[in-house]
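Remarks on the structure that follows.
The values are calculated or read from the model by the stated rules, or taken from the named source; none is laboratory data. The shown structure was predicted, so the numbers you read here are calculated from the model rather than taken from an experiment. When we count neighbours, we look across all protein chains shown, and the Cβ atoms used for this are built from the backbone with ideal geometry, even at glycine.
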Amino acid sequence: MRKKSIKSIRIRAAPRRLLVPVDFSGSSLHALRYAVDLAAESGGSLTIVHVVPADYGWLDIGRAEYRDLDKSLQKQAADELCALADANIPRKIAADLQVRTGRPAEEIVAAASEAKSELIVLSTRGLTGLDRYLIGSVAERVARLAPCPVLLMRPVKQLPPRLQVRPAVLRLKRKR
C-alpha cells in the first residue's frame, strides 16, 4: 500500500461569506447564532435574508390587490430583521440585511448567488411524512438548487422540565 503524501491533502479555509435565511422561528435563531460564531471565527461576513412568501395563484390573478399587503409585510419584516440583528450580531461582524418577496427557496438561492456566498446556514422544521409531502421543504429545495454548500441545522427541541433530569432506574433480575 502506498501512503498519501501530506501535500496531496487539500486544506479548505473556513467560509467567509455566509448567508442565513431567517423566518423568526426558534430554529432559525439557532442557525443565526451558529453562523455568527462561524463568521466570528473566520473573520467573515453575514447576509441575513427573510423572504415574504408571495404566491398569487395561477396567472398572477389578483396581484394588484396584494401589492399593498406585500409592502406592509416587507416593512414589518424589515423592522423585525433589524431588531434580530441588533440583538444577535456583534458590531464587529459585517452583516447585510435583506427582505425579499417571492418563493422562499428560489429567493434564498438567488440571494446566495448575488452575494457570492460560500455557505448557507439554514434551519429545518423537521417535518416528516404527510406534512412534508403536503407543505414541502424549503430547506430541501435550497439544498438541491444552491450554488454553494448548505449546512442544515436540525430544529431545536426543548425537553419538558420533568424530562431534563434523568430519573433513577431500578433494575430487577427475574427469578428462574
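Can you pull out the residues in the range 77-123 that are surrounded by 17 or more Cβ atoms within 10 Å (Cβ to Cβ), of a type outside the set (Ser, Thr, Tyr) and in contact (Cβ under 8 Å) with a residue 60 or more places away in the chain?
Once the filter is applied, which keeps residues that are surrounded by 17 or more Cβ atoms within 10 Å (Cβ to Cβ), of a type outside the set (Ser, Thr, Tyr) and in contact (Cβ under 8 Å) with a residue 60 or more places away in the chain, the range 77-123 yields LEU84, PRO104, ILE108, ALA111, ALA112, ALA115, GLU118, LEU119, ILE120, VAL121, LEU122.
Taking the residues in the range 68-98 that are of a type in the set (S, T, N, Q) and under 25 Å from ALA54 (Cα atoms) as candidates, determine which candidate is modelled with the highest pLDDT.
Only one residue tops the list, namely GLN98.
So is ARG144 at pLDDT below 95, surrounded by fewer than 16 Cβ atoms within 10 Å (Cβ to Cβ) and not β-branched (Val, Ile, Thr) or not?
Criteria met by ARG144.
Counting only residues that are assigned to a helix (DSSP H, G or I) and without any contact (Cβ under 8 Å) to a residue 40 or more places away in the chain, how many does the range 15-50 have?
First, pick out the residues of the range 15-50 that are assigned to a helix (DSSP H, G or I): 26-42.
So of that shortlist, the ones also without any contact (Cβ under 8 Å) to a residue 40 or more places away in the chain come out as 37, 41-42.
The total comes to 3.
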